[in-house]
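Some notes on the structure that comes next.
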Amino acid sequence: MNIMNKLFLVPLATLILTTTACSDKKNTSTNSAKTTETTTNNTAQGNWKAKANELSSANATDIKADLIQLNLIINHSNTKAIELRDEASKAKNAPDKIKQILVKSHDTQAEVQQQMMGLNLKSQEVQNIRTQMIDNLMTANKLFDLSMKSDFNMTVPNEEFKQLTQRSIAIQQKIAIELDALNTQYSK
C-alpha cells in the first residue's frame, strides 16, 4: 500500500482500532437482535458526562452490566469496521473510492459515538473507558475533517494531522489495555 493510502486511511483505522483492538472478547449470551436493539435505541441522552464520584467503584455487578452494554456496541461496530477495512483494501489506489469509504467510516463513527453517549453506565471503570473512546472518536472526526479539506495533501499531511494521528494511536493503545483487562477480570 502506498503512502497515499496509508495516510488517507488513518480515520478509518481509528474506527477499526478503536473497536477491534479493544475487545476480542465476545459476549456469547447476546444475540444480534439485542445488538440491533441497542444500536438503534440509544441516543445521546446517557450519562456520559457523569463524574467519577457519581458512579460506583469496584462493584463487580455494575462493571459486568456496563461491560455488556459497551461490548454490544463494540461488537456491532467491529462488523462494520471489518467491512470497511475490506472495502478499503479493494479500493487500492482509487482516491475517489477511498474518500467514499472514509465518508462511510465517518458515518459509522458518528453512530458509535452517539451510542456510546447514550449508555447509562453505573461504574467508574467502564465510564473511564467510554470517555476515552468518545475522545478518540472526536479525534477521528477531526482527522476526517482535515482529510476532506481541498488543500489536504495525502502524501505530505500537515503537522496537525500527524499530531492527531499520534494522539489517536496513544488513546487506542490505552483503551485496548484497560478494556481487555476489565473484560478478562469480569468475564469469569
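Here is how the numbers come out for the structure above:
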quantity: Taking 147, 168 and counting other C-beta atoms within 10 Å, the order from fewest to most; calculated: 147, 168
quantity: Simple Cβ-charge dipole of segment 55-155, Lys/Arg +1 and Asp/Glu -1, about Cα centre, in debye nearest 20; calculated: 220
quantity: Shape of segment 67-166, Cα gyration tensor, a/c cut at 1.5; calculated: oblate
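Since every read-out is calculated from the coordinates, none of them should be taken as a lab result. The shown structure was predicted, so the numbers you read here are calculated from the model rather than taken from an experiment. All Cβ positions, even for glycine, are placed from backbone atoms using ideal geometry, and neighbour counts span all protein chains on display.
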